[in-house]
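Here is the structure we will look at, set down as structure tokens.
Every number in this text was worked out from the coordinates using simple rules, so none of it is lab data. What you are looking at is a predicted structure, and each value in this text was computed from that prediction instead of being measured. In this analysis, Cβ positions are derived from the backbone assuming ideal geometry, glycine residues included, and neighbour counts consider all displayed protein chains.
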């Protein structure tokens with residue numbers, strides 16, 4: 001399956017990596033980028049396998065009959081902080 005990401009989504013994800021690092025969710029910028037890369041990779045490789053949920057009504061501004069999937073990260077990536 002070929003998954004295409006809108007340029008605005010790509011820009012958003014690039015900014016998200018920077019924000020995650022800047023807000024100290026990750027100790028290294030490269031680790032934040034790796035986290036985003038794993039999300040994109042999971043979507044690209046598994047979107048057809050994930051359960052789809054009907055999108056809430058407020059998403060109709062983007063189109064009709066929309067669905068969404070969720071991503072659950074279970075990995076602790078290098079540079080990611082966690083509290084005990």
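Efficiency by 1/(1 + (r/R0)^6): what FRET value for residue 59 and residue 30, r their Cβ-Cβ distance, R0 = 25 Å, to the nearest 0.05? Working shown, then result.
On the way: r = 33 Å, r/R0 = 1.32.
Step by step, r from the Cβ atoms, then E = 0.15.
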Degrees between helix 7-22 axis and first principal axis of the chain (Cα, 0 to 90, nearest 10): 30
With everything on Cα atoms, drop me the angle between helix 29-46 and the longest principal axis of the chain, reported from 0 to 90° to the nearest 10. 30
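Would you compute, from DSSP H runs of 4+ residues alone, the mean residue ellipticity of the chain at 222 nm, taking -39500 (n - 2.57) per run and dividing by the full residue count, rounded to the nearest 500? Don't skip to the end; give the middle numbers.
Details: 2 runs with 34 residues, N = 84.
Dividing the helical sum by the residues of the chain leaves -13500 deg cm²/dmol.
Going by average Cβ neighbours within 10 Å, how do the peptides 35-41, 18-24 rank, with the highest at the top?
Numbers: 35-41: 14.6, 18-24: 12.7.
Going by the mean number of other Cβ atoms within 10 Å, highest first, we get 35-41, 18-24.
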Calculated from the structure, Rg and Dmax of the Cα atoms in Å equals which of [x] 11.6, 31; [y] 23.9, 79; [z] 14.8, 43? [z]
